[in-house]
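J.: Can you keep this structure in mind? I'll have questions shortly.
The values are calculated or read from the model by the stated rules, or taken from the named source; none is laboratory data. Bear in mind the structure is a predicted one, so any value in this text is a computation, not a measurement. FYI the Cβ positions are ideal-geometry reconstructions off the backbone, even for glycines, and counts take in every protein chain you see. Just the protein is used for accessible areas: all its heavy atoms, side chains included, with ligands, DNA and RNA removed. Shrake-Rupley method; radii C 1.70, N 1.55, O 1.52, S 1.80 Å.
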Amino acid sequence: MLVYAVMALLIADVFFFLPLAVSRHYIFNEDYYKKELSRLGVYSKFPGADSMIEDMIRYLKGENVAFDFLNENEAGHMTDVRTLVARFNSLLAFSAILFFILILLLFLLSEQDFLRYLFKSLIFGSTAVVIAFAALFLLSANFSSLFAAFHSPFFENGSWVF
């Protein structure tokens with residue numbers, strides 16, 4: 001019974017860890033931002049957008065950066081985003097540590113059937129992530145509502161609306 005409890009925790013951890021890891025990749029991926037800004041035609045209006053991207057990423061990593069190109073509300077929002085990203089990174093680190101502890105615990109509890117239980121846990125956790133992302137994809141048809149629903153729990157009322 002303890003093996004199934006560890007498996008359930010591992011499934012839940014995979015459900016959180018995978019999206020957090022993928023999201024972190026994109027949050028700090030300079031090439032991703034450049035590709036998106038190019039696709040949206042931003043460079044024609046803001047030729048210095050590359051340095052803004054670099055500054056934003058450095059800021060989100062914890063460096064002090066002066067945002068001459070942001071107004072007061074936007075700069076305040078970036079402070080909130082920086083705090084959220086720091087919490088996000090802590091959650092990702094906790095999830096990664098928990099992942100390895102749960103794998104070790106699963107091994108100690110199930111030695112001979114370890115790989116079978118591990119693969120089942122990883123498959124169920126990954127499947128749950130795919131289902132959640134499919135649901136988000138379907139909900140994204142109404143992007144404005146989804147955008148508001150994402151921002152509302154993380155930011156002070158209206159601080160993200162410019």
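J.: Out of all the residues in segment 1-14, which are surrounded by fewer than 19 Cβ atoms within 10 Å (Cβ to Cβ), in contact (Cβ under 8 Å) with a residue 60 or more places away in the chain and over 15 Å from LEU108 (Cβ atoms)? Even if it seems obvious, please write down each step before you answer.
T.: So in segment 1-14, the residues surrounded by fewer than 19 Cβ atoms within 10 Å (Cβ to Cβ) come out as 1-5, 8-9, 12.
Add one more test, that the residue is in contact (Cβ under 8 Å) with a residue 60 or more places away in the chain, and what stays is 2-3, 9, 12.
Matches in segment 1-14: ALA12 only.
J.: Oh, and also: Scan THR83, THR127 and give me the residue that is among the polar types (S, T, N, Q), out of contact with any helix residue (DSSP H, G or I) (no Cβ under 8 Å at 6 or more places or on another chain), modelled with pLDDT of 85 or more and closer than 21 Å to LEU60 by Cα.
T.: Values: THR127 fails: closer than 21 Å to LEU60 by Cα.
Selected residue: THR83, the only one of THR83, THR127 that is among the polar types (S, T, N, Q), out of contact with any helix residue (DSSP H, G or I) (no Cβ under 8 Å at 6 or more places or on another chain), modelled with pLDDT of 85 or more and closer than 21 Å to LEU60 by Cα.
J.: Something else now. Would you pick out the residues in segment 34-64 that are open to solvent by less than 50 Å² (accessible area, probe 1.4 Å) and of a type in the set (D, E, K, R)?
T.: The first filter runs over segment 34-64 and keeps only residues open to solvent by less than 50 Å² (accessible area, probe 1.4 Å), leaving 36-37, 41-42, 48-49, 53, 55-57, 59-60, 62.
Correct list: GLU36, ASP55.
J.: Within segment 90-124, how many residues are at pLDDT below 95 and farther than 17 Å from ILE11 by Cβ?
T.: Qualifying residue count, segment 90-124: 2.
J.: Starting from segment 48-76, keep only residues that are over 25 Å from HIS25 (Cβ atoms), then list their pairs with residues that are of a type in the set (Ser, Thr, Tyr) and open to solvent by less than 70 Å² (accessible area, probe 1.4 Å) whose Cβ atoms are within a distance under 7 Å, requiring at least 6 positions of separation or different chains.
T.: Note: pairs meeting the criteria are GLY76/SER159.
J.: Moving on. What are the residues in segment 131-149 that are surrounded by 11 or more Cβ atoms within 10 Å (Cβ to Cβ) and of a type in the set (A, V, I, L, M), if any?
T.: Correct list: ILE131, ALA132, LEU136, LEU139, LEU146, ALA148, ALA149.
J.: Any chance segment 65-79 includes a residue that's buried (at least 16 other Cβ atoms within 10 Å of the Cβ) and out of contact with any helix residue (DSSP H, G or I) (no Cβ under 9 Å at 6 or more places or on another chain)?
T.: yes
J.: Here is a follow-up. Might you check whether a residue that is open to solvent by 50 Å² or more (accessible area, probe 1.4 Å), without any contact (Cβ under 8 Å) to a residue 24 or more places away in the chain and either of a type in the set (Gly, Ala, Ser) or at positive phi (or both) occurs anywhere in segment 15-33?
T.: No: segment 15-33 contains no residue that is open to solvent by 50 Å² or more (accessible area, probe 1.4 Å), without any contact (Cβ under 8 Å) to a residue 24 or more places away in the chain and either of a type in the set (Gly, Ala, Ser) or at positive phi (or both).
J.: Determine which member of the set PHE88, PHE100, PHE154 is part of a helix (DSSP H, G or I) and either open to solvent by 70 Å² or more (accessible area, probe 1.4 Å) or among the β-branched types (Val, Ile, Thr) (or both).
T.: Details: PHE88 fails: either open to solvent by 70 Å² or more (accessible area, probe 1.4 Å) or among the β-branched types (Val, Ile, Thr) (or both); PHE154 fails: part of a helix (DSSP H, G or I).
After ruling out the rest, the residue left standing is PHE100.
J.: Mind telling me which of the residues ARG24, ARG82 ends up being outside any loop (DSSP other than H, G, I, E, B), out of contact with any Cys (no Cβ under 7 Å at 6 or more places or on another chain), among the basic types (Lys, Arg) and closer than 30 Å to LEU104 by Cβ?
T.: Only one candidate passes the filter, namely ARG24.
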